[in-house]
Amino acid sequence: MARVAVITAPNIGYRNTGMLTVDLAFETLRRRMGPGIDPTWYTLHTPETVPLRAAARGTDLPFRFRSLPEHLDELRDHDAVVFWGDFLHTRHYMAQDATNRLTDFGIAEDRDAARTLLQRTLLLADQPEELLARTLSYGGTILHNSQSDYEDKEFGPLFTRLMTRSHRVWMRDPLSAAKIALLRGDRTNEYFASDAALLSRPGDLDHLPATQWSEEVADGGAIGVFLGARTAIPDWLPGFCESLSARFGAPLEWLPWFERDIPSPVAHLAPRPGEHTVGDLLRVLPRYRLVITDTYHLGVNAWGAGTPVVCVGAPEPVPRTHDDYWTLSDVKKHVFHLAYDAEDFYLSTLPGTPDALERRADRIVRLVEGGGAEAIANRLRAHAEQSAASFTDTLTALLAGR
(Lines give C-alpha, C1' and ligand atoms only; values in the text may rest on other atoms or scores of the structure.)
Protein backbone atom coordinates (compact mmCIF):
# COMPACT_ATOMS: atom_id res chain seq x y z
CA MET A 1 0.00 0.00 0.00
CA ALA A 2 1.48 3.35 -1.09
CA ARG A 3 1.21 6.22 1.37
CA VAL A 4 0.31 9.60 -0.17
CA ALA A 5 0.15 12.87 1.80
CA VAL A 6 -2.53 15.18 0.38
CA ILE A 7 -2.26 18.86 1.32
CA THR A 8 -5.28 21.05 0.65
CA ALA A 9 -6.42 24.57 1.47
CA PRO A 10 -8.29 24.82 4.78
CA ASN A 11 -12.07 24.79 4.55
CA ILE A 12 -13.27 25.75 8.01
CA GLY A 13 -16.59 24.24 8.94
CA TYR A 14 -16.84 22.93 5.37
CA ARG A 15 -18.44 26.30 4.66
CA ASN A 16 -17.13 26.47 1.10
CA THR A 17 -18.98 23.91 -1.01
CA GLY A 18 -16.67 24.41 -3.97
CA MET A 19 -13.52 23.70 -1.98
CA LEU A 20 -15.18 20.55 -0.70
CA THR A 21 -15.72 19.37 -4.28
CA VAL A 22 -12.02 19.94 -4.94
CA ASP A 23 -11.06 17.65 -2.06
CA LEU A 24 -13.68 15.07 -3.00
CA ALA A 25 -12.18 14.91 -6.49
CA PHE A 26 -8.92 13.49 -5.16
CA GLU A 27 -10.87 10.74 -3.44
CA THR A 28 -12.70 10.15 -6.75
CA LEU A 29 -9.38 9.63 -8.52
CA ARG A 30 -8.05 7.45 -5.70
CA ARG A 31 -11.05 5.12 -6.03
CA ARG A 32 -10.63 5.09 -9.80
CA MET A 33 -6.97 4.10 -9.42
CA GLY A 34 -7.79 1.07 -7.27
CA PRO A 35 -7.06 0.06 -3.68
CA GLY A 36 -3.30 0.60 -3.69
CA ILE A 37 -3.19 4.18 -2.32
CA ASP A 38 -3.53 5.10 1.35
CA PRO A 39 -4.02 8.90 1.58
CA THR A 40 -3.33 11.02 4.65
CA TRP A 41 -5.06 14.40 4.52
CA TYR A 42 -3.40 17.59 5.82
CA THR A 43 -4.42 21.23 5.98
CA LEU A 44 -3.31 24.33 7.88
CA HIS A 45 -6.24 24.14 10.30
CA THR A 46 -8.92 21.48 10.32
CA PRO A 47 -12.57 22.02 9.36
CA GLU A 48 -13.56 21.38 12.97
CA THR A 49 -11.74 24.57 14.04
CA VAL A 50 -15.24 26.09 13.87
CA PRO A 51 -18.66 24.39 14.00
CA LEU A 52 -19.53 22.54 10.80
CA ARG A 53 -22.16 24.06 8.54
CA ALA A 54 -25.58 22.49 8.84
CA ALA A 55 -25.50 20.94 5.35
CA ALA A 56 -22.28 19.05 6.16
CA ARG A 57 -23.17 17.76 9.63
CA GLY A 58 -23.62 14.02 9.76
CA THR A 59 -22.13 13.55 6.27
CA ASP A 60 -19.65 10.68 6.19
CA LEU A 61 -16.96 12.40 4.16
CA PRO A 62 -14.12 10.18 2.90
CA PHE A 63 -11.36 12.09 4.69
CA ARG A 64 -10.28 13.26 8.11
CA PHE A 65 -7.83 16.14 8.14
CA ARG A 66 -4.73 16.41 10.29
CA SER A 67 -3.12 19.73 11.21
CA LEU A 68 -0.19 20.23 8.84
CA PRO A 69 1.75 22.49 11.26
CA GLU A 70 1.47 19.87 14.00
CA HIS A 71 2.36 16.89 11.79
CA LEU A 72 4.76 18.39 9.25
CA ASP A 73 7.52 15.87 9.92
CA GLU A 74 5.18 13.06 8.88
CA LEU A 75 5.48 14.10 5.22
CA ARG A 76 8.83 12.33 4.93
CA ASP A 77 7.15 9.03 5.84
CA HIS A 78 5.01 9.14 2.69
CA ASP A 79 5.84 7.79 -0.73
CA ALA A 80 4.47 10.92 -2.41
CA VAL A 81 3.26 14.38 -1.39
CA VAL A 82 0.44 16.04 -3.34
CA PHE A 83 -0.51 19.71 -3.06
CA TRP A 84 -4.11 19.74 -4.20
CA GLY A 85 -5.81 22.85 -5.62
CA ASP A 86 -6.23 26.53 -4.79
CA PHE A 87 -3.83 29.43 -4.13
CA LEU A 88 -1.48 27.50 -1.84
CA HIS A 89 1.69 28.74 -3.52
CA THR A 90 0.90 32.42 -3.98
CA ARG A 91 2.52 35.09 -1.85
CA HIS A 92 -0.74 37.04 -1.46
CA TYR A 93 -2.51 33.98 -0.02
CA MET A 94 0.24 33.53 2.53
CA ALA A 95 0.31 37.23 3.43
CA GLN A 96 -3.47 37.66 3.59
CA ASP A 97 -5.88 34.74 4.03
CA ALA A 98 -3.51 32.21 5.54
CA THR A 99 -1.72 34.58 7.91
CA ASN A 100 -4.96 36.13 9.14
CA ARG A 101 -6.48 32.73 9.92
CA LEU A 102 -3.35 31.39 11.64
CA THR A 103 -3.20 34.40 13.93
CA ASP A 104 -6.97 34.57 14.49
CA PHE A 105 -7.07 30.92 15.58
CA GLY A 106 -3.96 31.23 17.77
CA ILE A 107 -1.93 28.79 15.68
CA ALA A 108 0.74 31.48 15.18
CA GLU A 109 1.39 34.13 17.80
CA ASP A 110 2.02 36.94 15.31
CA ARG A 111 2.41 37.64 11.59
CA ASP A 112 6.14 36.94 11.56
CA ALA A 113 5.55 33.55 13.16
CA ALA A 114 2.81 32.84 10.63
CA ARG A 115 5.11 33.74 7.75
CA THR A 116 7.76 31.32 8.98
CA LEU A 117 5.19 28.58 9.51
CA LEU A 118 3.74 29.01 6.02
CA GLN A 119 7.18 28.82 4.44
CA ARG A 120 7.77 25.52 6.23
CA THR A 121 4.34 24.02 5.47
CA LEU A 122 3.39 25.30 2.01
CA LEU A 123 6.83 25.91 0.50
CA LEU A 124 8.55 22.97 2.27
CA ALA A 125 11.40 25.24 3.32
CA ASP A 126 12.97 22.70 5.70
CA GLN A 127 12.39 19.59 3.62
CA PRO A 128 15.15 17.81 1.73
CA GLU A 129 15.47 17.71 -2.05
CA GLU A 130 14.48 14.06 -2.13
CA LEU A 131 11.05 14.91 -0.71
CA LEU A 132 10.53 17.59 -3.34
CA ALA A 133 11.45 15.02 -5.99
CA ARG A 134 8.36 12.98 -4.98
CA THR A 135 6.06 15.99 -4.66
CA LEU A 136 3.25 16.78 -7.11
CA SER A 137 1.13 19.92 -7.29
CA TYR A 138 -2.22 19.79 -9.06
CA GLY A 139 -4.90 22.41 -9.69
CA GLY A 140 -3.20 25.42 -8.14
CA THR A 141 -3.08 28.93 -9.52
CA ILE A 142 -0.52 31.72 -9.41
CA LEU A 143 -2.53 34.24 -11.42
CA HIS A 144 -1.56 37.16 -9.18
CA ASN A 145 2.08 36.31 -8.52
CA SER A 146 4.27 39.08 -9.88
CA GLN A 147 7.91 40.10 -10.07
CA SER A 148 7.71 42.00 -6.79
CA ASP A 149 6.68 38.74 -5.11
CA TYR A 150 9.69 36.90 -6.48
CA GLU A 151 12.00 39.68 -5.30
CA ASP A 152 10.93 38.95 -1.74
CA LYS A 153 14.13 37.44 -0.34
CA GLU A 154 12.28 34.67 1.49
CA PHE A 155 9.29 33.85 -0.71
CA GLY A 156 11.04 34.14 -4.09
CA PRO A 157 13.80 31.52 -3.64
CA LEU A 158 11.56 29.09 -1.75
CA PHE A 159 8.76 29.32 -4.32
CA THR A 160 11.23 28.84 -7.17
CA ARG A 161 12.84 25.86 -5.44
CA LEU A 162 9.50 24.13 -4.90
CA MET A 163 8.17 24.76 -8.39
CA THR A 164 11.38 23.71 -10.17
CA ARG A 165 12.38 20.75 -7.98
CA SER A 166 8.93 19.17 -7.64
CA HIS A 167 8.36 16.05 -9.68
CA ARG A 168 5.47 17.57 -11.66
CA VAL A 169 3.18 20.62 -11.54
CA TRP A 170 -0.25 21.20 -13.10
CA MET A 171 -2.05 24.56 -12.93
CA ARG A 172 -5.80 25.13 -13.25
CA ASP A 173 -5.56 28.08 -15.65
CA PRO A 174 -3.48 28.66 -18.78
CA LEU A 175 -1.79 31.86 -17.52
CA SER A 176 -0.43 30.16 -14.42
CA ALA A 177 0.58 27.20 -16.57
CA ALA A 178 2.56 29.47 -18.90
CA LYS A 179 4.35 31.00 -15.90
CA ILE A 180 5.35 27.57 -14.61
CA ALA A 181 6.56 26.43 -18.02
CA LEU A 182 8.82 29.47 -18.22
CA LEU A 183 10.06 28.98 -14.68
CA ARG A 184 10.88 25.32 -15.24
CA GLY A 185 12.28 25.98 -18.72
CA ASP A 186 10.22 23.09 -20.04
CA ARG A 187 8.14 23.12 -23.20
CA THR A 188 7.67 19.33 -23.41
CA ASN A 189 5.06 18.89 -20.67
CA GLU A 190 1.52 20.23 -20.47
CA TYR A 191 1.08 22.41 -17.39
CA PHE A 192 -2.50 23.56 -18.03
CA ALA A 193 -4.89 21.15 -16.33
CA SER A 194 -8.55 21.40 -15.49
CA ASP A 195 -9.73 22.64 -12.13
CA ALA A 196 -9.58 19.74 -9.68
CA ALA A 197 -13.33 19.89 -9.07
CA LEU A 198 -13.90 18.84 -12.70
CA LEU A 199 -12.08 15.53 -12.18
CA SER A 200 -15.20 14.05 -10.59
CA ARG A 201 -17.37 12.85 -13.44
CA PRO A 202 -21.14 13.33 -13.34
CA GLY A 203 -22.45 10.82 -10.83
CA ASP A 204 -19.13 10.25 -9.06
CA LEU A 205 -20.30 12.13 -5.97
CA ASP A 206 -23.68 10.44 -5.74
CA HIS A 207 -22.32 8.53 -2.74
CA LEU A 208 -22.87 11.68 -0.68
CA PRO A 209 -26.18 11.51 1.19
CA ALA A 210 -29.01 13.50 -0.39
CA THR A 211 -32.67 14.06 0.36
CA GLN A 212 -35.89 14.78 -1.48
CA TRP A 213 -34.77 18.41 -1.58
CA SER A 214 -32.73 17.83 -4.73
CA GLU A 215 -35.35 15.62 -6.38
CA GLU A 216 -38.14 18.15 -6.45
CA VAL A 217 -36.88 20.10 -9.47
CA ALA A 218 -37.93 18.57 -12.75
CA ASP A 219 -35.10 18.47 -15.27
CA GLY A 220 -34.86 21.87 -16.92
CA GLY A 221 -37.58 23.22 -14.69
CA ALA A 222 -35.79 26.10 -12.95
CA ILE A 223 -32.83 28.46 -13.06
CA GLY A 224 -30.58 28.33 -10.00
CA VAL A 225 -29.35 31.71 -8.73
CA PHE A 226 -26.58 32.40 -6.23
CA LEU A 227 -25.37 36.01 -6.27
CA GLY A 228 -23.85 38.60 -3.96
CA ALA A 229 -21.30 36.33 -2.28
CA ARG A 230 -18.29 37.42 -4.33
CA THR A 231 -19.38 40.39 -6.45
CA ALA A 232 -21.68 43.32 -5.73
CA ILE A 233 -24.97 42.90 -7.60
CA PRO A 234 -25.35 45.68 -10.19
CA ASP A 235 -28.73 47.39 -10.50
CA TRP A 236 -29.46 45.91 -13.91
CA LEU A 237 -28.74 42.28 -13.02
CA PRO A 238 -32.03 41.27 -11.31
CA GLY A 239 -33.95 42.44 -14.38
CA PHE A 240 -31.56 40.52 -16.63
CA CYS A 241 -32.19 37.38 -14.59
CA GLU A 242 -35.94 37.87 -14.97
CA SER A 243 -35.46 38.34 -18.70
CA LEU A 244 -33.65 34.98 -18.96
CA SER A 245 -36.35 33.36 -16.85
CA ALA A 246 -39.02 34.58 -19.25
CA ARG A 247 -37.07 33.49 -22.33
CA PHE A 248 -36.49 29.96 -21.01
CA GLY A 249 -39.90 29.64 -19.38
CA ALA A 250 -38.16 28.55 -16.19
CA PRO A 251 -38.61 30.17 -12.76
CA LEU A 252 -35.70 31.62 -10.81
CA GLU A 253 -34.79 29.81 -7.62
CA TRP A 254 -32.28 30.66 -4.89
CA LEU A 255 -29.53 28.03 -4.71
CA PRO A 256 -27.91 28.07 -1.22
CA TRP A 257 -24.36 27.24 -2.30
CA PHE A 258 -23.10 28.90 0.91
CA GLU A 259 -25.02 29.47 4.13
CA ARG A 260 -25.97 33.13 3.88
CA ASP A 261 -28.98 35.41 3.71
CA ILE A 262 -30.43 36.10 0.29
CA PRO A 263 -29.14 39.58 -0.67
CA SER A 264 -31.73 42.33 -0.94
CA PRO A 265 -31.55 42.90 -4.75
CA VAL A 266 -32.77 39.32 -5.27
CA ALA A 267 -34.61 38.87 -1.96
CA HIS A 268 -37.80 38.06 -3.85
CA LEU A 269 -36.33 34.73 -4.98
CA ALA A 270 -37.73 31.78 -3.10
CA PRO A 271 -35.36 29.13 -1.78
CA ARG A 272 -36.43 25.53 -2.12
CA PRO A 273 -38.27 24.58 1.09
CA GLY A 274 -36.80 22.04 3.47
CA GLU A 275 -33.37 21.13 4.79
CA HIS A 276 -30.63 20.15 2.38
CA THR A 277 -27.27 18.38 2.49
CA VAL A 278 -24.03 19.08 0.64
CA GLY A 279 -24.94 16.10 -1.53
CA ASP A 280 -28.21 17.81 -2.44
CA LEU A 281 -26.35 20.94 -3.62
CA LEU A 282 -24.35 18.83 -6.07
CA ARG A 283 -27.18 16.49 -7.07
CA VAL A 284 -29.42 19.41 -8.08
CA LEU A 285 -26.97 21.06 -10.49
CA PRO A 286 -27.66 18.89 -13.58
CA ARG A 287 -31.41 19.38 -13.06
CA TYR A 288 -31.22 23.13 -13.65
CA ARG A 289 -31.79 24.70 -17.03
CA LEU A 290 -29.22 27.36 -16.18
CA VAL A 291 -27.21 28.61 -13.22
CA ILE A 292 -26.55 32.33 -12.64
CA THR A 293 -23.78 33.07 -10.16
CA ASP A 294 -20.79 35.19 -9.17
CA THR A 295 -19.04 32.31 -7.39
CA TYR A 296 -16.15 30.56 -9.11
CA HIS A 297 -16.53 26.97 -7.99
CA LEU A 298 -20.30 26.95 -8.34
CA GLY A 299 -19.71 27.90 -11.97
CA VAL A 300 -17.04 25.21 -12.36
CA ASN A 301 -19.22 22.49 -10.85
CA ALA A 302 -22.31 23.47 -12.81
CA TRP A 303 -20.43 23.45 -16.11
CA GLY A 304 -18.93 20.10 -15.10
CA ALA A 305 -22.44 18.76 -14.52
CA GLY A 306 -23.41 19.88 -18.02
CA THR A 307 -25.47 22.89 -16.90
CA PRO A 308 -24.73 26.24 -18.60
CA VAL A 309 -23.56 29.03 -16.32
CA VAL A 310 -24.07 32.76 -16.61
CA CYS A 311 -21.15 34.05 -14.54
CA VAL A 312 -20.99 37.63 -13.26
CA GLY A 313 -17.76 39.43 -12.41
CA ALA A 314 -16.46 42.94 -11.83
CA PRO A 315 -13.51 44.39 -13.72
CA GLU A 316 -10.29 44.18 -11.72
CA PRO A 317 -9.98 47.33 -9.57
CA VAL A 318 -6.77 49.28 -10.06
CA PRO A 319 -5.02 49.79 -7.80
CA ARG A 320 -5.99 47.03 -5.40
CA THR A 321 -5.63 47.80 -1.72
CA HIS A 322 -3.49 45.78 0.65
CA ASP A 323 -6.62 44.58 2.44
CA ASP A 324 -8.23 43.07 -0.67
CA TYR A 325 -8.15 39.28 -0.65
CA TRP A 326 -6.71 38.50 -4.06
CA THR A 327 -8.01 34.95 -3.77
CA LEU A 328 -11.49 36.47 -4.20
CA SER A 329 -10.54 38.45 -7.30
CA ASP A 330 -12.99 38.06 -10.18
CA VAL A 331 -10.09 37.53 -12.59
CA LYS A 332 -10.11 33.76 -11.97
CA LYS A 333 -13.73 33.53 -13.14
CA HIS A 334 -13.04 35.47 -16.31
CA VAL A 335 -9.90 33.49 -17.15
CA PHE A 336 -11.77 30.22 -16.61
CA HIS A 337 -14.46 31.20 -19.12
CA LEU A 338 -11.91 32.53 -21.59
CA ALA A 339 -9.94 29.27 -21.42
CA TYR A 340 -12.91 27.24 -22.63
CA ASP A 341 -14.36 29.70 -25.19
CA ALA A 342 -17.24 30.46 -22.84
CA GLU A 343 -16.91 34.25 -22.98
CA ASP A 344 -20.49 34.54 -24.23
CA PHE A 345 -21.64 33.43 -20.77
CA TYR A 346 -19.44 35.83 -18.77
CA LEU A 347 -21.06 39.13 -17.78
CA SER A 348 -19.13 42.18 -16.61
CA THR A 349 -20.85 44.25 -13.94
CA LEU A 350 -20.17 47.39 -15.98
CA PRO A 351 -23.49 48.91 -17.03
CA GLY A 352 -24.68 47.96 -20.47
CA THR A 353 -27.34 49.57 -22.61
CA PRO A 354 -30.77 47.93 -22.60
CA ASP A 355 -30.26 46.95 -26.23
CA ALA A 356 -26.89 45.34 -25.46
CA LEU A 357 -28.36 43.36 -22.57
CA GLU A 358 -31.23 42.19 -24.78
CA ARG A 359 -28.75 41.00 -27.40
CA ARG A 360 -26.70 39.18 -24.77
CA ALA A 361 -29.78 37.44 -23.39
CA ASP A 362 -30.81 36.39 -26.90
CA ARG A 363 -27.31 35.05 -27.54
CA ILE A 364 -27.31 33.00 -24.32
CA VAL A 365 -30.67 31.46 -25.18
CA ARG A 366 -29.52 30.69 -28.71
CA LEU A 367 -26.34 29.01 -27.45
CA VAL A 368 -28.17 26.96 -24.83
CA GLU A 369 -30.93 25.82 -27.16
CA GLY A 370 -28.72 25.43 -30.22
CA GLY A 371 -25.99 23.28 -28.70
CA GLY A 372 -23.30 25.90 -28.10
CA ALA A 373 -23.42 25.50 -24.32
CA GLU A 374 -23.21 21.74 -24.71
CA ALA A 375 -20.08 22.17 -26.82
CA ILE A 376 -18.48 24.19 -23.99
CA ALA A 377 -19.43 21.55 -21.41
CA ASN A 378 -18.00 18.81 -23.63
CA ARG A 379 -14.78 20.81 -24.02
CA LEU A 380 -14.47 21.09 -20.25
CA ARG A 381 -15.13 17.41 -19.72
CA ALA A 382 -12.64 16.35 -22.40
CA HIS A 383 -9.95 18.49 -20.79
CA ALA A 384 -10.80 17.06 -17.38
CA GLU A 385 -10.46 13.50 -18.66
CA GLN A 386 -7.08 14.30 -20.19
CA SER A 387 -5.92 16.04 -17.01
CA ALA A 388 -7.08 13.18 -14.79
CA ALA A 389 -5.17 10.67 -16.90
CA SER A 390 -2.04 12.82 -16.82
CA PHE A 391 -2.16 13.10 -13.03
CA THR A 392 -3.00 9.46 -12.30
CA ASP A 393 -0.43 8.14 -14.78
CA THR A 394 2.25 10.35 -13.24
CA LEU A 395 1.35 9.42 -9.67
CA THR A 396 1.22 5.71 -10.57
CA ALA A 397 4.68 5.87 -12.17
CA LEU A 398 6.11 7.84 -9.26
CA LEU A 399 4.80 5.31 -6.72
CA ALA A 400 5.97 2.37 -8.83
CA GLY A 401 9.52 3.70 -8.63
CA ARG A 402 9.56 4.16 -4.88
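Restricting to DSSP H runs of at least four residues, report the calculated mean residue ellipticity at 222 nm for the chain, -39500 (n - 2.57) per run over all residues, nearest 500 deg cm²/dmol. List each step's numbers first, then the result.
Values: 13 runs with 146 residues, N = 402.
Here the helix-only value at 222 nm equals -11000 deg cm²/dmol.
Take the Cα of L182, step 7 Å along the line toward its Cβ, and report every residue of region 121-148 whose backbone nitrogen sits under 16 Å from that point.
Under cut-off, by backbone N: 142-148.
Placing one identical point scatterer on every Cα of region 333-398 and ignoring solvent, what is log10 I(q)/I(0) from the Debye formula at q = 0.12, 0.14 Å⁻¹?
Relative scattering, expressed as log10 I(q)/I(0), comes to -0.45, -0.56.
At 0.890 mPa s and 25 °C, plugging the Kirkwood radius over alpha-carbon pairs of region 88-188 into Stokes-Einstein gives what diffusion coefficient in µm²/s?
On the way: Rh = 14.1 Å.
In µm²/s, the coefficient rounds to 174.
Expected output is a single nm value to one decimal: the length gained when fully extending between T116 and E190, i.e. 0.36 nm times separation in residues minus the C-alpha distance. What is it?
On the way: separation 74, 0.36 × 74 = 26.64 nm, distance 3.21 nm.
Taking T116 through E190 to full extension adds about 23.4 nm, to one decimal.
Return the carbon/sulfur percentage of the accessible area of region 1-135, one whole number, probe 1.4 Å, all protein chains in place.
45 percent
Set the Förster radius R0 to 30 Å, insert the Cβ-Cβ distance between S348 and A246 as r into 1/(1 + (r/R0)^6), and round the FRET efficiency to 0.05. Let's see the in-between values first.
Values: r = 22 Å, r/R0 = 0.75.
Using R0 = 30 Å, I get an efficiency of 0.85.
Where a ≥ b ≥ c are the square roots of the eigenvalues of the C-alpha gyration tensor, would you call region 3-76 rounded, which needs a/c under 1.5, or, failing that, prolate if a/b is larger than b/c, or oblate? Please report the intermediate quantities before stating the final value.
Details: a/c = 2.22, a/b = 1.20, b/c = 1.85.
Oblate shape, in that a/c is at least 1.5 and b/c is the bigger or equal ratio.
Using only the Cα atoms of region 1-140, each taken as one equal point scatterer with no solvent, compute I(q) by the Debye sum, divide by I(0), and report log10 of the ratio at q = 0.10 Å⁻¹.
Here log10 of I(q) over I(0) equals -0.32.
Counting each pair of different Cα atoms once, what's the Kirkwood radius of region 35-93 in Å, rounded to one decimal?
Working: mean 1/r = 0.0730 Å⁻¹.
One over the average 1/r among Cα pairs gives 13.7 Å for region 35-93.
Enumerate the calculated ³J(HN,Hα) couplings along region 29-41 in order (Karplus 6.51 cos²θ - 1.76 cosθ + 1.60, θ = phi - 60°), each rounded to whole Hz, writing x wherever the residue is Gly or Pro.
5, 4, 5, 5, 7, x, x, x, 10, 10, x, 10, 9
Starting at the first residue of region 69-78, write each ³J(HN,Hα) from the Karplus equation 6.51 cos²θ - 1.76 cosθ + 1.60 with θ = phi - 60°, in whole Hz, x for Gly and Pro.
Calculated HN-Hα couplings, in order: x, 7, 10, 4, 5, 5, 4, 5, 7, 9 Hz.
For K153, give me every one of the lysines with a C-alpha distance below 28 angstrom, ignoring sequence neighbours fewer than eight places off in its own chain.
Output for K153: K179, K332.
How many Å² of accessible area per residue for region 1-54, probe 1.4 Å? Each step should come with its number before you reach the end.
Numbers: 1590 Å² over 54 residues.
Using a 1.4 Å probe on heavy atoms only, each residue of region 1-54 averages 30 Å².
Once the principal axes of the Cα atoms of region 225-373 are found, what is the range along each, listed largest first in whole angstroms?
41, 36, 29 Å, listed from the longest principal axis down.
Please label the shape of the chain as rounded, prolate or oblate, based on the square roots a ≥ b ≥ c of the eigenvalues of the alpha-carbon gyration tensor (a/c under 1.5 means rounded; beyond that, a/b larger than b/c means prolate, else oblate). Before the final figure, lay out the partial values.
On the way: a/c = 1.63, a/b = 1.52, b/c = 1.07.
Cα axes put the chain in the prolate bin.
For a label point 7 Å from the Cα of E385 along Cα→C-beta, name the residues of region 192-211 whose backbone N is under 20 Å from it.
Counting backbone N atoms under 20 Å from the label point, the list is 192-206.
Shape call for region 238-288 from the C-alpha gyration tensor, a ≥ b ≥ c root eigenvalues: rounded (a/c under 1.5), prolate (a/b greater than b/c) or oblate? Don't skip to the end; give the middle numbers.
Working: a/c = 2.50, a/b = 1.36, b/c = 1.84.
Here region 238-288 falls in the oblate category.
Cα centroid distance between region 292-310 and region 178-248, in Å?
Result: 2 Å between the Cα centres.
Between S264 and R201, with labels modelled 7 Å along Cα→Cβ, what's the label distance in nm to one decimal, could you check?
Simple spin-label model gives 4.8 nm for this pair.
For region 92-134, take N as its residue count and report Rg(C-alpha) divided by 2.2 N^0.38 Å. List each step's numbers first, then the result.
Working: Rg = 11.6 Å, N = 43, 2.2 N^0.38 = 9.2 Å.
For region 92-134, the normalised Cα radius of gyration comes out at 1.26.
Quick one: which residues, 5+ away or cross-chain, put their amide H under 5 Å from the amide H of L347? H built at 1.01 Å from N.
Amide H neighbours of L347, under 5 Å, 5+ apart: C311, V312, G313.
Heavy-atom accessible area of R289 with all protein chains present, probe 1.4 Å, nearest 10 Å²?
80 Å²
Given Cα pairs under 8 Å that are at least 6 residues apart, what percent is the relative contact order of region 258-402?
Values: 106 pairs, mean separation 27.8, N = 145.
Rounded, it is 19 percent for region 258-402.
The values are calculated or read from the model by the stated rules, or taken from the named source; none is laboratory data. On a predicted model such as this, the values are computed, not experimentally measured, just so you know. Cβ sites come from the backbone with ideal geometry, for glycine too, and all protein chains shown count toward neighbours. Just so you know, the surface numbers come from the protein's heavy atoms only, side chains and all, with ligands and any DNA or RNA stripped out. Shrake-Rupley method; radii C 1.70, N 1.55, O 1.52, S 1.80 Å.
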